[in-house]
Amino acid sequence: MWRPDIKIPDFAIGLAASAVGVFALERFTNLSRLANAAKKVEEEEELGAQRAERILLGSTYYKDLDGISNELEGEIILPTDRESYHVCRRRAFNINQRGFPCVVVRVRSTRDVATCIKFVNQHREDITLCVASGCHSSKCMMDFTFVIDLGLMTKVELDTQNLTVKVDGGAYLREIDKVLQPHNLAVPMGTYPQTGIGGLTLGGGYGFLARQHGFTVDNFLEAEIVLSNGEVVVANDEENSDLLWGLRGGSGNFGIVTKFTFQAYKLPAHCLSGTVANFTPTLASAVEVATNADRLITTLPDHVAAYVVLMGGASVTATLWAHFGEEKSIEEVPVLQKAIRLGGWMTVQNAIKYRSYHNDLQGITTPYIASGYVYHTLIQFGELGKEMSTVFWEAIITHTRKPLHKSLVKANFNAFAMGGKMAKK
Ligand SMILES: Cc1cc2nc3c(=O)[nH]c(=O)nc-3n(C[C@H](O)[C@H](O)[C@H](O)COP(=O)(O)OP(=O)(O)OC[C@H]3O[C@@H](n4cnc5c(N)ncnc54)[C@H](O)[C@@H]3O)c2cc1C
């Protein structure tokens with residue numbers, strides 16, 4: 001067999017050996033740095049748990065916890081249950097926002113929630129209440145609080161006759177999409193599979209289907225809710241309609257929603273979607289892409305969804321597109337051809353492809369991501385004047401290009417224009 005007759009000089013072997021040595025040393029020091037960081041986190045977690053434990057032991061309600069634990073189907077987790085306590089705390093998706101609660105009750109039923117609310121009411125001087133659903137906000141596992149954790153309440157029931165879906169207050173979006181997928185149905189929700197339906201709905205809920213069918217909250221037909229006195233009521237258009245109106249955007253301020261009922265919709269056969277990455281190293285190039293995208297988005301028909309996505313600290317101005325229709329290729333959709341020519345120094349153009357709504361856009365098959373340093377901010381606007389829009393984009397882009405806390409932090413800043421379209425209801 002022929003082999004190339006290459007002679008490697010000794011100095012090159014020496015050089016390669018030193019490079020391997022330097023690489024190994026760097027890997028080793030990095031590994032030891034990582035090990036030190038992990039140890040520091042462990043120490044901080046231990047100190048936090050000890051502090052929460054001390055506060056709990058000194059509280060007026062500690063001795064009464066045994067009383068409710070007998071009534072619950074779910075379980076009470078205290079800082080003293082170190083291992084399961086940290087598992088609960090770590091449900092807070094954002095690593096920077098994992099507090100040290102005094103009590104976490106992992107409820108299993110509406111009755112459990114009502115029992116907890118009554119207990120909290122009896123000790124209201126000494127207890128600050130937190131509610132956790134998908135734990136994607138900063139308000140789910142706060143320091144020294146009493147957490148009602150809905151994470152075990154994840155049932156999803158589909159009514160294929162009426163195209164409605166009834167969902168427990170602690171379900172992740174992924175769990176709802178999994179039930180809807182085989183029927184080619186969808187509820188307008190957010191774009192991240194592990195967001196909780198609780199916080200998302202009560203705060204609005206924006207996703208790919210919003211231009212066609214409104215926000216999640218617009219498709220929220222009925223709530224089963226535990227009020228602040230522990231009473232369980234239903235709110236819909238006929239019964240307690242003012243309460244339903246308040247819940248549509250009023251966050252968790254009216255009680256704890258244990259069941260949500262939503263309107264579902266048949267999906268179009270195809271979806272052309274993808275993220276177009278535009279390399280925009282200068283402010284001017286980024287503003288060019290963003291303002292052009294903004295202008296294009298405000299002219300879009302309802303069946304096209306689009307975002308401008310600014311990844312914190314990155315020189316990329318991305319736009320995210322989803323076109324629902326019969327067309328299978330970008331050549332058939334003039335608006336998508338415009339979407340890949342928005343400016344910038346360089347654009348990755350072949351990103352928009354025919355994709356599955358549930359698997360690819362909603363990410364139900366993507367691996368479960370247990371935690372992150374992601375901050376997700378969303379701004380929605382309609383049509384701004386040309387100059388105003390440029391000034392606005394300059395301000396946003398300048399802000400998101402600033403160096404962020406450590407290299408680990410990822411801020412996802414999504415801006416989108418509704419083209420004057422808001423909720424249908
Ligand atoms: C990575 C990431 C991606 C995101 N993507 C989107 C997106 O595409 N679209 C979008 O609209 N938003 C998005 N968000 C924002 C998200 O919707 C909010 O952070 C929302 O509050 C998360 O809800 P949660 O149930 O997961 O959070 P939690 O922290 O569990 O709850 C948030 C708040 O709602 C209250 N609450 C939760 N459930 C109930 C309930 N059943 N009854 C009463 N009160 C309750 C809690 O008390 C808390 O104050 C995203 C956030 C992140 C971090």
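Just so it is clear, none of the values below were taken in a lab; they were calculated from the coordinates. For clarity, every value in this text was computed on a predicted model and none was experimentally measured. Glycine also receives a Cβ, built like all others from the backbone with ideal geometry; neighbour counts cover every protein chain displayed.
Assorted remarks:
- Normalised contact order of the chain, rounded percent, pairs of Cα under 8 Å and 6 or more residues apart: 13
- Column: log10 I(q)/I(0), Debye, Cα scatterers of segment 116-250, q = 0.10, 0.11, 0.19 Å⁻¹: -0.35, -0.42, -1.20
- Kyte-Doolittle at least -1.0, axis length at least 20 Å by Cα - qualifying DSSP helices, the chain: 10-57, 283-297, 386-401
- Summarising the label geometry, the points placed 7 Å from Cα in the beta-carbon direction at residue 279 and residue 365 lie 3.2 nm from one another.
- Computed on the Cα trace of segment 292-381, the radius of gyration divided by the Kirkwood hydrodynamic radius gives Rg/Rh = 0.96.
- Over the chain: helical MRE at 222 nm, DSSP H runs n ≥ 4 each giving -39500 (n - 2.57), nearest 500: -10500 deg cm²/dmol
- Sorting 148-159, 235-246, 45-56, 261-272 by average packing, meaning the other beta carbons within 10 Å per residue, from highest down gives 148-159, 261-272, 45-56, 235-246.
- Tail fraction, Cα-Cα pairs, segment 153-215, threshold 14 Å, whole percent: 53
- Here the label points at residue 314 and residue 121, each 7 Å from Cα along the C-beta direction, are separated by 4.9 nm in the simple model.
- Our note on the geometry: Cα centres of segment 236-296 and segment 99-172, 23 Å apart.
- Given R0 = 22 Å, the distance between the Cβ atoms of residue 162 and residue 232 translates into a calculated FRET efficiency of 0.45.
- Gyration tensor verdict on the chain (Cα atoms; rounded if a/c is under 1.5, prolate if a/b is larger than b/c, oblate otherwise): oblate
- Placing pseudo-labels 7 Å out from each Cα toward the beta carbon at residue 87 and residue 331 gives an inter-label distance of 5.4 nm.
- Full-stretch length increase - residue 46, residue 95 - with 0.36 nm per residue and alpha-carbon distance subtracted: 16.1 nm
- Residue 143 long-range amide H proximity, modeled H, under 5 Å: 100
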